[in-house]
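K.L.:
The following block contains the structure, expressed as structure tokens.
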Amino acid sequence: MALLQISEPGQSTAPHHHNLACGIDLGTTNSLVASVMSGETKLVLDQSDRAILPSVVYCGSKELIVGHEALDLAIKDPTNTILSIKRFMGIGYSEAKEIKNLPYDFEDHKGSVLFKTAIGSLSAIEISAKILSTLKTRAEGALGGELKGAVITVPAYFNDAQRQSTKGLSQTCRNKCLKAS
């Protein structure tokens, strides 16, 4: 697939062939998804007409809970409620241990950091993938079909390790998120 295809206004490069895609802002505090619908870029809303999805994942039950529900559980169970996961992308165990005032239990996995939760040890990539999966499901519902691609933002201040982790996240989602919710 070409990175960029140019066609005449009103004409597709492949007539009657539309691939669904979206843009995702995986934010430290909040995330959102947008897509082009009827020629106009629009934020994709959830069932409660909210564009913003808190970047929070609750890992205290068999099924991971994402967003507003997870945020509500942060006070009751802070050890199993992961906030600001993006801060942990691409950093090692020793760096994570230096961050003060965190309620998390970390595990050293060959220098990488894992979060010890009630459902097991999870990496920042696995936790972030759940946020992306939630946004993917939202986009597919709004667009009426399976996504064929997504653009995920990377902050300008990210170092190379953080960019590579985000790239790994997109690979994880290509293999898991984009195939099954």
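K.L.:
Out of 116, 97, 110, which single residue is modelled with pLDDT of 95 or more, farther than 26 Å from residue 21 by Cα and charged (D, E, K, R)?
P.N.:
Being modelled with pLDDT of 95 or more, farther than 26 Å from residue 21 by Cα and charged (D, E, K, R) holds for just one of 116, 97, 110, which is 116.
K.L.:
Additional query: Would you check if there is a residue in region 38-45 being polar (S, T, N, Q), closer than 24 Å to residue 153 by Cα and either assigned to a loop (DSSP other than H, G, I, E, B) or touching a His at 6+ places or on another chain (Cβ under 8 Å) (or both)?
P.N.:
Within region 38-45 (the criterion being polar (S, T, N, Q), closer than 24 Å to residue 153 by Cα and either assigned to a loop (DSSP other than H, G, I, E, B) or touching a His at 6+ places or on another chain (Cβ under 8 Å) (or both)), the answer is yes, since at least one residue qualifies.
K.L.:
So residue 118 fits all but one of (1) hydrophobic (A, V, I, L, M, F, W, C); (2) buried (at least 17 other Cβ atoms within 10 Å of the Cβ); (3) without any contact (Cβ under 8 Å) to a residue 60 or more places away in the chain; what number is the exception?
P.N.:
Result: residue 118 fails condition (2) only.
K.L.:
Let me ask something else. What is the residue count in region 76-86 for residues that are surrounded by 15 or more Cβ atoms within 10 Å (Cβ to Cβ) and either modelled with pLDDT under 90 or under 10 Å from residue 56 (Cα atoms) (or both)?
P.N.:
5
K.L.:
Give the number of residues within region 113-164 that are part of a helix (DSSP H, G or I), aliphatic (A, V, I, L, M) and within 20 Å of residue 56 (Cα to Cα).
P.N.:
8
K.L.:
Mind listing whichever residues of region 77-110 are among the polar types (S, T, N, Q) and closer than 24 Å to residue 54 by Cβ?
P.N.:
79, 80, 81, 84, 101 - these are the residues of region 77-110 that are among the polar types (S, T, N, Q) and closer than 24 Å to residue 54 by Cβ.
K.L.:
Oh, and also: Return the only residue of 73, 53 being modelled with pLDDT of 95 or more and within 15 Å of the chain's Cα centre (by Cα).
P.N.:
The conditions single out 53.
K.L.:
Select, from 70, 51, 34, the only residue that is within 27 Å of residue 167 (Cβ to Cβ), in a loop (DSSP other than H, G, I, E, B) and without any contact (Cβ under 8 Å) to a residue 40 or more places away in the chain.
P.N.:
Only one candidate passes the filter, namely 51.
The values are calculated or read from the model by the stated rules, or taken from the named source; none is laboratory data. All of these numbers come straight from a predicted model, not from anything done at the bench. Ideal geometry is used to build each Cβ from the backbone, glycine not excepted, and the neighbour counts take in all protein chains shown.
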